[in-house]
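Following: one structure in structure tokens, then a few remarks.
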Amino acid sequence: MNHDPRPVVVLGGTGMVGQTLVRELFYSGQQVRVACRRPVLPADIEPGDPVVACPCDITDTESLKPVLEGARAVINAVGLYQQHRDMSFQQVHVEGARQLASLARAAGVEQYLLISGIGARLDSPSPYVRSRAEGEQAVMAEIARAIILRPSVMYGPGQGLLTTLSRLARLPVVPLFGDGQVRLQPLHVSDLANAISRLTARPNIPLASFELGGPDVLSWRQLVRLVADHLDRDPRLVPIPMALWHALAIGLSPLPSAPLTRDMLWLLAEDNTASPDVAGFAELGITPRTLRESLPNCLPR
């Protein structure tokens, strides 16, 4: 239990990661501020619990200042997965992250944690991935002791990766991305939340970067087959060249919420696995759960 009365601010506290993180922090005894444009508290939070909703916008300086006042830690869990007319990757992942870090430093916040992603690099063909890498650099320029967390692809009960896999597994024919051999390290969102909760309870940890993946390294083909077997399905898996997928994504791009984008495809073109040279769950004393053992609770038949 953590008895520090100063709150932990969670920016982007209503998504899959944010809601799970808010619960984890609360149940570990920490005070929490849920900060986003339209904050909604988890359903199991009751009146009087030390969890407060704070409307704000990561691109609006004046709305962020009161949210950070008196806080001991801030977790930037804000993510934009598709650009649109009013919001870009650069605005959210780079300028927003930089602004939040600058304001947190000015407010005397002791810890700044940024949730980025495995594979973030400046030379990626994906604007999304490049913006993640640029955001990491922007934050480190403001707060040298900021903690960067790079999770692998995540799943939860009926959420994240499993939503896509369960839909695909129910089809008679499943088109694969390329040959389906790209490798992933599926991560239960609760394990990420546990890691962050432990980090906020240890404000003087010397490590600055973590890459967090589940214990199993599985190809996309293996993932589809694992979920299909769990659902008692036997679809035919058909490789589709990535060039055709990119052509389809370009055709869908004019749609306001395109179901497939080139950024998604670039992410699926490279392995998404944690580096053994970067700190991970072992340094935090956590044994992450496997996808296979999680399926009964996360994806009921």
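Go through (1) over 21 Å from Pro125 (Cβ atoms); (2) in contact with a Leu (Cβ under 7 Å, 6 or more places away or on another chain) and name the single condition His246 misses.
(1)
For the stretch 16-40, which residues satisfy the criterion of being of a type in the set (Gly, Ala, Ser) and touching a Gly at 6+ places or on another chain (Cβ under 7 Å)? Show your work before the answer.
Step one: list which residues in the stretch 16-40 are of a type in the set (Gly, Ala, Ser), which gives 18, 28-29, 35.
If the condition is that a residue be of a type in the set (Gly, Ala, Ser) and touching a Gly at 6+ places or on another chain (Cβ under 7 Å), then Gly18, Ala35 are the ones that fit.
Okay, residues lined up against (1) part of a loop (DSSP other than H, G, I, E, B); (2) under 18 Å from Ala195 (Cα atoms); (3) of a type in the set (Ser, Thr, Tyr):
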| residue | (1), (2), (3) |
| --- | --- |
| Val9 | no, yes, no |
| Gly13 | yes, yes, no |
| Val17 | no, yes, no |
| Arg23 | no, yes, no |
| Arg33 | no, no, no |
| Ile45 | yes, no, no |
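Determine whether the stretch 178-192 contains at least one residue that is at pLDDT below 95 and either touching a Gly at 6+ places or on another chain (Cβ under 6 Å) or among the basic types (Lys, Arg) (or both).
no
Give the residues of the stretch 11-65 that are touching an Asp or Glu at 6+ places or on another chain (Cβ under 7 Å) and surrounded by fewer than 16 Cβ atoms within 10 Å (Cβ to Cβ), sorted by residue number.
Hits for the stretch 11-65 are Arg37, Ser63.
Among the residues of the stretch 285-301 satisfying the criterion of being in contact with a Phe, Trp or Tyr (Cβ under 8 Å, 6 or more places away or on another chain) and either more than 18 Å from Tyr155 (Cα to Cα) or among the polar types (S, T, N, Q) (or both), which is surrounded by the most Cβ atoms within 10 Å (Cβ to Cβ)?
Looking at the filtered set, the residue picked out is Ser294.
If I ask for residues that are part of a strand (DSSP E or B) and of a type in the set (A, V, I, L, M, F, W, C), which ones from the stretch 228-255 would you list?
Answer for the stretch 228-255, where residues must be part of a strand (DSSP E or B) and of a type in the set (A, V, I, L, M, F, W, C): Leu237, Val238, Ile240.
Provide a single number: the residues in the stretch 20-68 that are in contact (Cβ under 8 Å) with a residue 40 or more places away in the chain and among the charged types (D, E, K, R).
Selection size over the stretch 20-68: 3.
At pLDDT 90 or above, under 30 Å from Ser253 (Cα atoms) and of a type in the set (Ser, Thr, Tyr): is that true of Thr59 in this structure?
yes
Would you check if Ser275 is among the hydroxyl-bearing types (Ser, Thr, Tyr) and either over 25 Å from Ala195 (Cβ atoms) or not in a loop (DSSP other than H, G, I, E, B) (or both)?
no
Working only within the stretch 199-227, note down all residues that are touching a residue at least 60 places away in the same chain (Cβ under 8 Å) and assigned to a loop (DSSP other than H, G, I, E, B).
Ala201, Pro203, Leu207, Ala208, Gly213, Gly214, Pro215, Asp216
Residues are listed down the side, and each one gets a yes or a no for (1) surrounded by 15 or more Cβ atoms within 10 Å (Cβ to Cβ); (2) out of contact with any Leu (no Cβ under 9 Å at 6 or more places or on another chain); (3) under 19 Å from Glu211 (Cα atoms):
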residue	(1), (2), (3)
His84	no, yes, no
Val92	yes, no, no
Ser102	yes, yes, no
Ile115	yes, no, yes
Leu122	no, yes, yes
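I need every pair where a residue in the stretch 233-246 that is within 7 Å of Pro175 (Cα to Cα) has its Cβ under 7 Å from the Cβ of a residue that is charged (D, E, K, R), sequence separation at least 6 or different chains.
Leu237/Arg221; Pro239/Asp179
Spot the failing condition for Gln181; the list is (1) part of a loop (DSSP other than H, G, I, E, B); (2) crowded, with 19+ Cβ neighbours inside 10 Å, and only one is missed.
Only one criterion in (1) part of a loop (DSSP other than H, G, I, E, B); (2) crowded, with 19+ Cβ neighbours inside 10 Å is unmet by Gln181, namely (2).
The values are calculated or read from the model by the stated rules, or taken from the named source; none is laboratory data. Everything numeric here is computed off the predicted structure, so don't read it as measured data. Glycine also receives a Cβ, built like all others from the backbone with ideal geometry; neighbour counts cover every protein chain displayed.
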